[in-house]
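Working notes, structure below.
The values are calculated or read from the model by the stated rules, or taken from the named source; none is laboratory data. Being a predicted model, the structure only gives us computed values, none of them experimental. Heads up, the Cβs are rebuilt from the backbone with ideal geometry, glycines too, and the neighbour counts pull from every protein chain shown.
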Amino acid sequence: MPACHRRRHSTTCTTPGGGSSVGWTSGIPRLRIAIEYEGDHHRERAHFRQDVARLNDLRAAGWVVLRFTADDVLRHPARVVAQVAQAIRERLQPPGHQRR
């Protein structure tokens, strides 16, 4: 499991092999699920570039990244919960197990 450190509004983990540190808004490190809240500032060019690099690092390290906007969280909370629950179920299935 990666070394992770919780901060006030995010979590940061070091990728396997001591690689770069990557962070996200919330998540479940044991299952390698990152949950991102994408505020309006993520549309700015600098933030967007950082986000793309960070998300690619997480993906390369075997993480599932779920990204949500304010609209998702405020207008469709049940859908957000369902998507997080689905990611958890998928991660808890044994390797090679086929969903029906």
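A few notes on this one:
- Among residues of segment 25-76, those that are closer than 30 Å to P95 by Cα and not aromatic (F, W, Y), counted: 28
- Segment 78-100, subset over 19 Å from A34 (Cβ atoms) and of a type outside the set (S, T, N, Q), residue modelled with the lowest pLDDT: R100
- Some residue of segment 22-30 being part of a helix (DSSP H, G or I) and modelled with pLDDT of 75 or more: yes
- Any hit, segment 32-40, residues being in a helix (DSSP H, G or I), surrounded by 17 or more Cβ atoms within 10 Å (Cβ to Cβ) and modelled with pLDDT of 90 or more: no
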